[in-house]
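The values are calculated or read from the model by the stated rules, or taken from the named source; none is laboratory data. Worth saying up front: this structure is predicted, and the values here are computed from it rather than measured. Cβ coordinates were reconstructed from backbone atoms using ideal geometry, including for glycine residues, and neighbour counts include every protein chain displayed.
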Amino acid sequence: MMLLPSTTHSIVVESDENNYIKSATFLSEKFEVGPGKVVVKTLLDIDFPKGHIGVKSFDVEVVNEDGNSVPLYETYLHHWFAVKYIENITMSNYIKQSHDLRNGIEFERNDGMCQGFLLPHYWGLGGESRGTSSNLPDPFAVELGNLTKLKHGFKEKWLFSIMVIDTRGTQDRKGCSECRCKLFNLPKNFYNVTTNINGQLLSSNYKGGLFCCQDNLQCKLKKGFLGPIRKLSLRYKIRWVDWDEHQVPLRFYT
């Protein structure tokens, strides 16, 4: 095993019978959470290994400013997705400043079936991803960075789409983490949401879901509870090999 220096991280190289497997651990940009708050974020242009590579594993956890793993019963990781996109190089500064994903960006979500908004996947799960192995056995790997497949004038990049729910001090941790809105005809009231993102009234049959877990919404806290604002990050470890004739490309069909 040997270490290769980098400007933001160290690359660890592991040797096995067939490959030199490299690995690096990265930190996403920070996001703030407060007791009972929902955070829904898109983190553009995350750090990612460069070159024509084959990814062997991709593992993620939520950590605090000290680098310690944050337990799910305090901050529930509803979901995270690592999504590949290609960006028009001439529009990079505009996209970075405006976070306008409608112009200059094309998403590449998976290899079949639901190529549109639904079911994006390269890597991504919810809280159950902790401790779940994502390792791909030899000779399989996810081929990335092949310039011969890239449209002229575009660059391959990655983003995180995340939702976390801070359940500290909430009256009902389970109801908050399940994105229960207002329980109609019942006294319990979690998010007190009655309209969707377009301002339209929700059906009385809609008891909970993504409409009730929009960014910056507040779940009901226990009376008098006070807790600090925290800054969290996603810490993610990627293992990969340099692409060559020994690799078999793995494809995602969702």
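Considering only region 44-83, state which residues are in contact with a helix residue (DSSP H, G or I) (Cβ under 6 Å, 6 or more places away or on another chain) and among the aromatic types (Phe, Trp, Tyr).
Tyr76
Taking interchain pairs and intrachain pairs at least six residues apart, which have beta carbon atoms under 9 angstrom, with the first residue in region 145-174 and touching a residue at least 24 places away in the same chain (Cβ under 8 Å) and exposed (fewer than 15 other Cβ atoms within 10 Å of the Cβ) and the second part of a helix (DSSP H, G or I) and not hydrophobic (A, V, I, L, M, F, W, C)?
Gly153/Thr90; Lys155/Ser92
Kindly state which strands (runs of 3 or more DSSP E) lie completely within region 122-238 and contain at least 2 residues that are touching an Asp or Glu at 6+ places or on another chain (Cβ under 8 Å), in the same structural domain as Val60 (by TED's automatic domain parsing) and closer than 27 Å to Ser69 by Cα.
154-166
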